[in-house]
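To start, the structure itself, in structure tokens.
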Amino acid sequence: MKKHSLILINHYKRFCYLGLLLTLPTSLLTTTISVNSASAADDIVTENQPSELITDKVVTAAQLEPKVESISEQQQPQLIAQTADSDPDDINKIRQELLVEPLIKLKIVAPKPTYPPGLSFAAPSAFGANMGDVFVGASAATAGNRGNSINDIDASTSIGFGLGNSQKLVGLELSFNNGSVKKFGSNGTFDLKAHRIVYAKGTNQVGVAAGWKAFAQYQTKASIEEIRPSSVYGVVTTYSLLKPNDAVNKMPVSFSLGVGGGDFRQGNASTGVFAGAGVQVHPQVGVGFGWSGVGLNLGASFVPVPTLPLTITLQGADLTDNSVGGTTFALSIGYGFNFLPK
């Protein structure tokens with residue numbers, strides 16, 4: 001159980017290091033982008049301590065026979081009279097002189113860590129960034145009901161970092177979202193999420209979080225976007241390994257359920273319910289679906305290089321066409337890492 005728990009915590013820690021919430025101009029899009037130390041064996045030290053004890057007892061004939069010393073014995077000093085009255089400092093000194101330097105020094109290099117794909121596509125996850133975690137991302141989306149030409153396609157960018165520790169007390173994730181690449185810097189929002197792991201045992205882990213999307217924002221005259229609604233939410237996320245003993249794909253699965261206002265509600269409702277599910281079908285591929293509180297989302301996440309924390313996500317948002325912006329399709333790219341020394 002302890003082995004599975006350690007694997008699960010390390011595995012999910014990398015997954016949630018790179019969790020990223022990207023807010024697009026037309027709808028709520030959640031893009032999750034997936035961030036041990038090397039160890040070396042100690043040098044082998046051989047210690048030889050040959051000694052002879054000469055006393056005043058009768059020497060037998062066998063002891064008078066000529067003695068042929070081995071090469072190693074000829075090259076090492078001999079301990080002539082090591083008795084209970086010997087000086088401990090002298091004995092330790094002789095021991096140090098008898099140490100033999102190993103001919104071959106072994107060094108074990110740990111394999112590079114691998115990074116899983118994202119499993120959250122319709123709702124924010126209760127897992128997030130901790131101290132030392134940094135993530136960046138960009139997302140391009142179709143225009144939905146706002147326009148019908150390629151000129152209406154826009155993109156957004158995000159950057160964020162983590163503070164605290166969600167396993168020991170609480171983790172805090174802060175992020176900034178630039179709402180438009182065409183009118184770069186004309187508008188932006190700031191998001192905040194406090195998260196904590198409340199259960200971690202065996203192959204299961206549960207996290208809870210409270211977040212505030214667009215708790216602060218700005219907009220210039222050049223902006224073509226509307227003011228984003230402030231959205232407070234709470235969410236619970238579970239993370240489990242369906243095949244913990246599989247050496248290739250432990251098949252992580254994630255479920256999220258939450259409630260919130262703003263972008264998570266429809267029409268004049270004060271609050272809305274959102275939920276999502278995702279599964280890792282391949283070490284480099286994750287798929288999932290969910291309800292954003294407004295419409296149905298479907299998505300797939302891909303890690304091109306397993307040892308590089310770069311994630312590409314394809315997502316269809318509001319496939320039920322319930323939002324003002326309507327159905328949109330987005331391509332997101334994210335990268336995350338931890339800058340603290342290992």
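Normalized C-alpha radius of gyration of region 183-342, against 2.2 N^0.38 Å? Don't skip to the answer; put the middle values down first.
On the way: Rg = 17.7 Å, N = 160, 2.2 N^0.38 = 15.1 Å.
In units of the 2.2 N^0.38 Å rule of thumb, it is 1.17.
Per-residue HN-Hα couplings for region 325-332, Karplus 6.51 cos²θ - 1.76 cosθ + 1.60 at θ = phi - 60°, whole Hz, x for Gly and Pro?
Ordered by residue, 3J(HN,Hα) equals x, x, 5, 9, 10, 10, 10, 10 Hz.
If the viscosity is 0.692 mPa s and the temperature 37 °C, what Stokes-Einstein diffusion coefficient in µm²/s follows for region 149-196 when Rh is the Kirkwood radius over Cα pairs?
On the way: Rh = 12.4 Å.
In µm²/s, the coefficient is 265.
Under a plain spin-label model, where a point goes 7 Å from the Cα along Cα-to-Cβ, how far apart in nm are residue 245 and residue 337?
Reported label-point gap for residue 245 and residue 337 is 3.8 nm.
Considering only protein heavy atoms and a 1.4 Å probe, what is the carbon-and-sulfur percentage of the accessible area of region 302-342?
On the way: 1570 of 2100 Å².
Taking all protein chains in place, region 302-342 shows 75 percent carbon and sulfur surface.
Quick one: what does P(r) look like for region 164-263 with 10 Å bins over all Cα pairs, in whole %?
P(r) over region 164-263, rounded to whole percents: 15, 31, 27, 19, 8, 1.
With only Lys, Arg, Asp and Glu charged, each at its Cβ (+1 for the first two, -1 for the last two), find how big the charge dipole of region 186-342 is about the Cα centre; round to the nearest 20 debye.
Values: 10 positive and 7 negative charges, 112 e Å.
Roughly 540 debye, rounded to the nearest 20.
Quick check: convex hull over the Cα atoms of region 262-320, volume per residue in Å³, rounded to an integer? Before the final figure, lay out the partial values.
On the way: hull volume 4.7 nm³, N = 59.
Given the Cα convex hull of region 262-320, per-residue volume reads 79 Å³.
Using the charge dipole of region 190-265 (Lys, Arg: +1 at Cβ; Asp, Glu: -1 at Cβ; taken about the Cα centre), state which of 210, 262, 223 has its Cα farthest towards the positive end.
210
Between residue 140 and residue 310, what length comes free when the chain is fully extended (0.36 nm per residue of separation minus the Cα-Cα distance, one decimal in nm)? Let's see the in-between values first.
Details: separation 170, 0.36 × 170 = 61.20 nm, distance 1.64 nm.
Using 0.36 nm per residue and subtracting the Cα-Cα distance, I get 59.6 nm.
Among 286-297, 215-226, 232-243, 197-208, what's the highest-first ranking by average C-beta atoms within 10 angstrom per residue?
Descending packing order for the listed peptides: 286-297, 232-243, 197-208, 215-226.
For region 167-251, what is the accessible area per residue in Å², given a 1.4 Å probe and the full set of protein chains? Walk me through the numbers on the way to the answer.
Details: 4450 Å² over 85 residues.
Here the residues of region 167-251 average 52 Å² of exposed surface.
At 4 °C and 1.567 mPa s, what whole-number value in µm²/s does Stokes-Einstein give for the translational diffusion of region 250-292, with Rh from the Kirkwood sum over Cα pairs?
Details: Rh = 11.7 Å.
Stokes-Einstein gives a translational diffusion coefficient of 111 µm²/s.
The values are calculated or read from the model by the stated rules, or taken from the named source; none is laboratory data. Just so we're clear, the structure is a prediction, and the values are computed from it rather than from any experiment. Virtual Cβ from ideal backbone geometry, glycine too; neighbours counted across all protein chains shown. Ligands, DNA and RNA are excluded from the accessible area calculation, which covers all protein heavy atoms including side chains. Shrake-Rupley method; radii C 1.70, N 1.55, O 1.52, S 1.80 Å.
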